[in-house]
Amino acid sequence: MRRFFKTPKGAVFALWRAKDHIGARIKGETGAVIWNVLMANSAAEATEFYTGLRGITSSKMPGPIDYTMLDVGGEDLAGMMQITDDMGPVPLHRMVYYGVDDVDAAATKVESPGGSVEVPSADIPEIGRFAGLKDPQGAMLFIFKSAN
């Protein structure tokens, strides 16, 4: 059963209780969802909201970017960042990352079926490489390859 909710800032999300289908059985591998990031207009308020949900805790990731990790049972679940003025007019949104073996090769393939590269391939030092792609209908997705 799924139920849809809105955060105090208007982000829509769903809660789901497994019955006969447990959900994603593969995660963090090539071809599967590898990570999710919430881009929030108030990271502090979003952190307060999500950690108020049962079993979710947070921690700050060390580094130059103000990045919050959300976890359940000691396992990292997602990340969260504040939308800043230098990002331009960006709406509240989630970024879903899929694992690939080669970010640059995968990004070059997106245009032949009608997609586009919206965020060019880039490195996150000591973390990995990513790119932002848009499908032919305009939906964004991100691809990622870990540095490890």
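Taking Ile143 as the residue in question, decide whether it is β-branched (Val, Ile, Thr) and not in a strand (DSSP E or B).
For Ile143, the condition - β-branched (Val, Ile, Thr) and not in a strand (DSSP E or B) - is not met.
Scan region 81-102 for residues that are part of a loop (DSSP other than H, G, I, E, B), within 21 Å of Gly128 (Cα to Cα) and among the β-branched types (Val, Ile, Thr) and report the count.
1
I'm trying to understand the selection: among the residues of region 14-65, which are surrounded by 10 or more Cβ atoms within 10 Å (Cβ to Cβ) and at pLDDT below 80?
Residues satisfying the conditions are Leu15, Trp16, Ile26, Lys27, Gly28, Gly63.
From Gly128, Gly79, grab the single residue that is on the phi < 0 side of the Ramachandran plot and at pLDDT 90 or above.
Gly79
Looking only at residues in region 110-119 that are of a type in the set (Gly, Ala, Ser), assigned to a loop (DSSP other than H, G, I, E, B) and surrounded by fewer than 15 Cβ atoms within 10 Å (Cβ to Cβ), which one is nearest to the chain's Cα centre (by Cα)?
Gly114
Which one of Ala122, Ala44, Ala107 is more than 17 Å from the chain's Cα centre (by Cα) and either farther than 27 Å from Lys9 by Cα or of a type in the set (Val, Ile, Thr) (or both)?
Of the residues listed, the single one that is more than 17 Å from the chain's Cα centre (by Cα) and either farther than 27 Å from Lys9 by Cα or of a type in the set (Val, Ile, Thr) (or both) is Ala107.
Would you say Met95 is crowded, with 17+ Cβ neighbours inside 10 Å, within 19 Å of Leu38 (Cα to Cα) and at pLDDT below 95?
yes
Of these, Asp102, Asp71, which one is more than 24 Å from Pro136 (Cα to Cα) and surrounded by 11 or more Cβ atoms within 10 Å (Cβ to Cβ)?
Asp71
Considering only region 90-122, state which residues are closer than 21 Å to Ala44 by Cβ and without any contact (Cβ under 8 Å) to a residue 40 or more places away in the chain.
Correct list: Pro91 only.
The values are calculated or read from the model by the stated rules, or taken from the named source; none is laboratory data. Values in this document were obtained by computation on a predicted structure and should not be read as measured data. Note: ideal-geometry Cβ built from the backbone for every residue, glycine included; neighbour counts use all protein chains shown.
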